[in-house]
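Heads up, the thing below is written out as structure tokens.
The values are calculated or read from the model by the stated rules, or taken from the named source; none is laboratory data. Keep in mind it's a predicted model, so treat the numbers as computed, not measured. Cβ sites come from the backbone with ideal geometry, for glycine too, and all protein chains shown count toward neighbours. The protein model used for the area step is the full one, side chains on, heavy atoms only, and it has no ligands, DNA or RNA in it. Shrake-Rupley method; radii C 1.70, N 1.55, O 1.52, S 1.80 Å.
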Amino acid sequence: MTSCDSAADKYRSYLHGEGERNTVWRFGSPPNYDDVNRLFEEGRTKIWPPGSLEEEVQNLVKTWEMEMFHKVRFNDNKTVDPEKYRFGLNGRKGVTLDEKRKLGGGYNSLLQTSLPEKFRCYNPAEETADSSHVAFTTAFPRGFALEVVQVYSGPPVIVYKFRHWGYMEGPFKGHAPTGEMVEFYGMAIFELDEELKKIVKVEFFFDRGELLGGLMKGAKSDNFLPPSCPLFKNTA
């Protein structure tokens, strides 16, 4: 499991330091998580003791999420084994890193759905990694915080319950901002390798409607469409 190797972010490893000197970042430089860290500290429901399993799992998930969103080259990811890694959502067949990228990366792989296209308020088949990043960073200008609320088993197979939340202070897909908190809960399974250092399998289980429903409450208008260029902000 990861350990924090940078004073710049106490929840995420592999952001700075000599080990990241040659890392290729999606937006040209490491992301800054100051805003979402404040949101996390103000709104979390659990404060885990330093060195506890819960804290280690929470930091691992935050680091994994950062690498998945912001590192361009698969081999720059320190949390996962790029050859063995598989990602699954709600019981779907696991996909490789390359297949995940073909799904659009970012939020698109997490918001896959079997709904007919006419019922998709957010359609991952029509979004790119950049457009999904713009949509969610516009809706959540202070970030979209993550906390681990319970850990059911430790490595090598980590099973945990999580909470994601943020304040909709910007528009989303043409819907006006409400200023309200949007949150959802879910479960995840992270499987580590034999040395307990690299993630080889990830499975998430949650209802995407719990997230998207909160983002569709505002009135809809063309005046609330987001900007077309990527925003250099954190997401989780």
Quarter of Cα convex hull surface for the chain, i.e. mean projection, nm²:
12.3 nm²
From the cross-link list LYS161/LYS201; LYS100/LYS161; LYS71/LYS197; LYS100/LYS217; LYS78/LYS118, the entries with a Cα-Cα span beyond 28 Å are LYS100/LYS217; LYS78/LYS118
Quick check on packing: order 90-103, 138-151 by the mean number of other C-beta atoms within 10 Å, highest mean leading.
138-151, 90-103
What is the distance in Å between the Cα centres of the stretch 179-199 and the stretch 69-142?
14 Å
How large is ³J(HN,Hα) for each residue in the stretch 96-107, as worked out from phi by the Karplus curve 6.51 cos²θ - 1.76 cosθ + 1.60 (θ = phi - 60°), to whole Hz, x for Gly and Pro?
6, 4, 5, 5, 4, 5, 5, 6, x, x, x, 5
Place the peptides 21-27, 46-52, 155-161, 105-111 in order of packing, highest mean first, counting for every residue the other Cβ atoms within 10 Å and averaging per peptide.
105-111, 155-161, 21-27, 46-52
Let me spell out the model: positive unit charges on the Cβ of Lys and Arg, negative unit charges on the Cβ of Asp and Glu, origin at the Cα centre of the chain. What dipole size does that give, in debye rounded to 20?
500 debye
Would you grab the residues whose amide H sits under 5 Å from the one on ARG86? Only those 5+ places off in sequence or on another chain, please, with H modelled 1.01 Å from N.
LYS201, VAL202
Note down the accessible area of LYS197, probe 1.4 Å, to the nearest 10 Å².
130 Å²
